[in-house]
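Working notes, beginning with the structure itself.
The values are calculated or read from the model by the stated rules, or taken from the named source; none is laboratory data. Predicted model only: the values in this text are computed from it and were never measured. Virtual Cβ from ideal backbone geometry, glycine too; neighbours counted across all protein chains shown. For accessibility, only protein heavy atoms count, side chains too; no ligands or nucleic acids. Shrake-Rupley method; radii C 1.70, N 1.55, O 1.52, S 1.80 Å.
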Amino acid sequence: MQITNSFADNQSYRLGTTITEHLLLCQDQCPDASGQFTRLLSELIISAKLISREVNKAGLVDILGGTGDINVQGEKVQKLDDFANQAIIWRMERSGLLCAMSSEENADVIEVPDNMPKGGYVIAFDPLDGSSNVDANASIGTIFSIHRKLDKEGCGSMDNFLRYGYEQVAAGYFLYGSSTMLVYTAGKGVHGFTLDPSVGEFLLSHQNITMPERGKIYSINEGYTEYWDERTRAVVNYFKSSKNDRGKPYTARYIGAMVADFHRNLLYGGIYMYPADSQDPHKPNGKLRLLCEAAPLAFIAEQAGGAATDGTQRILDIKAKELHERVPLYIGCKADVEKAMEILQEK
Ligand code: AHG
Ligand code: MN
Ligand code: MN
């Protein structure tokens, strides 16, 4: 099977190259692929279809609003957070492909129960990113990061998760927006698939996504300017200045769901930032979680020709010390991320 290269004139959407066909093709080209990874992604896709179905019913059935619980991150749990978390855990623990899981919503490692078959992978995920946007019908998503289990560790070991980002075997996200999309990388480029509800399949719609060298959008919650240090303010002022390397101010866009902000910047070119809030004792390292938010998106950004840093080092070079570790994040087009890092490091 030949997959065409150009999105604009390709036939793969109309004639329907499904995600399964794409994965099988990639598997054929990778001599050490066991097929387990393909099956793992297929199971994840079913979870995402279930979440997408619930998201699309929001407003019609009683799925909006909070559960009344506060999660391990100290944040309000939305009903859809809860549904998405359960949908993923339920399918993943029955897949036979995983050994353990880590969810943004759960304090500890979730082991696959003893009576279920185990596999060679572990997954970290944010079941619903941007869930505070749910009630307003704005885009939200699911982010995932897949590692191979460490040979020497038992399934429940935290060390299976406390790894470098560069060790990820795959990462991706589902975006529940004007359409539902899957964007993923397994280290051979970034590919996007759009759910066609009429056939119930994710069809290849964006092959080999690449980011421009420099973007035109900056995305940051500028409401927190007062909390930033002087260097962080200088970064944002650079993007707003007509004297920057682009020669004109960047456009500001901020949805408040990182996955949606990242996706737009991936396609149009830009930088997303969630800095350390030096004045806010609750967010000394910003808000975003290394394992289930920053590292997977950093893998995708790099595979698309972009970059991701915490301001001092490459996100993928950080070894997690805690399951829910937070990290400042600057992610997007390479020249923009490098410029942000340069300004942050100026004395
Ligand atoms: P989550 O819904 O998984 O808790 O993540 C929300 C995150 C991220 O998606 C978003 O970019 C950021 O929170 C927005 O935070 P602010 O409201 O502080 O800008
Ligand atoms: Mn999130
Ligand atoms: Mn979340």
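Looking only at region 247-267, which residues are among the hydrophobic types (A, V, I, L, M, F, W, C) and open to solvent by 10 Å² or more (accessible area, probe 1.4 Å)?
Taking region 247-267 as the starting set, the residues that turn out to be among the hydrophobic types (A, V, I, L, M, F, W, C) are 252, 255, 257-260, 262, 266-267.
Of everything in region 247-267, those that are among the hydrophobic types (A, V, I, L, M, F, W, C) and open to solvent by 10 Å² or more (accessible area, probe 1.4 Å) turn out to be Ala252, Ile255, Leu267.
Do any residues in region 220-236 that are hydroxyl-bearing (Ser, Thr, Tyr) have Cβ atoms under 8 Å from those of residues that are modelled with pLDDT of 95 or more and more than 16 Å from ligand 2 (Cβ to nearest atom), where the two are at least six apart or on different chains, and which pairs are they?
Filtered contacts from region 220-236: Thr225/Arg233; Thr225/Val236; Thr232/Pro275; Thr232/Leu344.
Could you run through region 93-109 and say how many residues are outside any loop (DSSP other than H, G, I, E, B) and over 18 Å from the mean Cα position of the chain (by Cα)?
5
Being touching a Cys at 6+ places or on another chain (Cβ under 7 Å), away from ligand 1 (no atom under 16 Å from the Cβ) and open to solvent by 20 Å² or more (accessible area, probe 1.4 Å): is that true of Lys118 here?
yes
For Gly311, are the conditions met, namely being over 23 Å from Met181 (Cα atoms), open to solvent by less than 30 Å² (accessible area, probe 1.4 Å) and more than 16 Å from ligand 2 (Cβ to nearest atom)?
So Gly311 passes the test.
If we keep just the residues of region 77-106 that are more than 15 Å from ligand 1 (Cβ to nearest atom) and in contact (Cβ under 8 Å) with a residue 60 or more places away in the chain, which is farthest from Glu322 (Cα to Cα)? Full working, then the answer.
Residues of region 77-106 more than 15 Å from ligand 1 (Cβ to nearest atom): 86-87, 89-101.
Next, from what is left, pick out any that are in contact (Cβ under 8 Å) with a residue 60 or more places away in the chain: 97, 99-100.
Details: Leu97: 24, Cys99: 19, Ala100: 16 Å.
Across region 77-106, the extreme among qualifying residues is Leu97.
Determine which member of the set Leu344, Leu291 is assigned to a helix (DSSP H, G or I) and either free of Cβ contacts under 8 Å to residues at least 24 places away in the same chain or touching a helix residue (DSSP H, G or I) at 6+ places or on another chain (Cβ under 6 Å) (or both).
Exactly one residue qualifies, and that residue is Leu344.
With Tyr173, Tyr164 as the choices, which residue is of a type in the set (Phe, Trp, Tyr) and open to solvent by 30 Å² or more (accessible area, probe 1.4 Å)?
Being of a type in the set (Phe, Trp, Tyr) and open to solvent by 30 Å² or more (accessible area, probe 1.4 Å) holds for just one of Tyr173, Tyr164, which is Tyr164.
Considering only residues of region 135-149 that are farther than 18 Å from Gly187 by Cβ and surrounded by 16 or more Cβ atoms within 10 Å (Cβ to Cβ), which is farthest from ligand 3 (Cβ to nearest atom)?
So, considering only residues that are farther than 18 Å from Gly187 by Cβ and surrounded by 16 or more Cβ atoms within 10 Å (Cβ to Cβ), the one farthest from ligand 3 (Cβ to nearest atom) is Ser139.
Would you pick out the residues in region 190-248 that are small (Gly, Ala, Ser) and closer than 25 Å to Asn56 by Cβ?
The answer is Gly192, Ser198, Gly200, Ser205.
Quick one: would you say Ser132 is in the same structural domain as Met92 (by TED's automatic domain parsing), within 16 Å of ligand 2 (Cβ to nearest atom) and either open to solvent by 10 Å² or more (accessible area, probe 1.4 Å) or in a loop (DSSP other than H, G, I, E, B) (or both)?
yes
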